[in-house]
Amino acid sequence: MDRRARPQPPAGIRVTTIIRVTTIIPGNVLTPGADAIRQNFADAMEVALAATTAGIPLGRPGDPRDIAEAVAYLVSDRARWVTGVSLTVDGGELPVVERHVRSAV
């Protein structure tokens, strides 16, 4: 990176490393831990396990590789100008959940 393009620290502070801060917000991902949570939720709601993932707009729960691809992007040079963001990787599920919560209130 061109030194002139870097943000300058406050006077008297020497910075030798630029740190980018980002977060990944994973959605409904198929893992043993998440499967157990989904099963508990289904049991409590008295619905079939499949109902816990039926409303995902992209039509399926996530695979751990979906999250890994997002992480790979954020740590790559392709994301060198990305910082201070939260990347939601959920197949479009969060807006659906938010809409249901708002309508229930």
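Brief remarks follow.
- Going through (1) at pLDDT 90 or above; (2) in a loop (DSSP other than H, G, I, E, B); (3) surrounded by fewer than 12 Cβ atoms within 10 Å (Cβ to Cβ) one by one, Pro9 falls short only on (1).
Matching residues to (1) surrounded by fewer than 16 Cβ atoms within 10 Å (Cβ to Cβ); (2) out of contact with any helix residue (DSSP H, G or I) (no Cβ under 8 Å at 6 or more places or on another chain):
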{"site": "Thr23", "(1), (2)": "yes, yes"}
{"site": "Gly62", "(1), (2)": "no, yes"}
{"site": "Glu69", "(1), (2)": "yes, yes"}
{"site": "Arg80", "(1), (2)": "yes, yes"}
{"site": "Val89", "(1), (2)": "no, no"}
{"site": "Val96", "(1), (2)": "yes, yes"}
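- Residue count for segment 79-89, restricted to those that are modelled with pLDDT of 95 or more and either on the phi > 0 side of the Ramachandran plot or charged (D, E, K, R) (or both): 0.
- Neighbours by Cβ (under 8 Å, 6+ apart or cross-chain): first from segment 22-40, of a type in the set (D, E, K, R); second part of a helix (DSSP H, G or I) and open to solvent by less than 50 Å² (accessible area, probe 1.4 Å): Arg38/Thr52
- Qualifying residue in segment 35-51 (condition: within 18 Å of Leu94 (Cα to Cα), open to solvent by less than 60 Å² (accessible area, probe 1.4 Å) and assigned to a loop (DSSP other than H, G, I, E, B)): no
- Only a single criterion out of (1) of a type outside the set (Ser, Thr, Tyr); (2) open to solvent by 70 Å² or more (accessible area, probe 1.4 Å); (3) within 15 Å of Val97 (Cα to Cα) is not satisfied by Leu30, namely (3).
The values are calculated or read from the model by the stated rules, or taken from the named source; none is laboratory data. In this text, all values refer to a predicted model and were calculated from it rather than measured experimentally. So basically every Cβ, Gly included, is an ideal-geometry build from the backbone, and we count neighbours across all protein chains shown. For accessibility, only protein heavy atoms count, side chains too; no ligands or nucleic acids. Shrake-Rupley method; radii C 1.70, N 1.55, O 1.52, S 1.80 Å.
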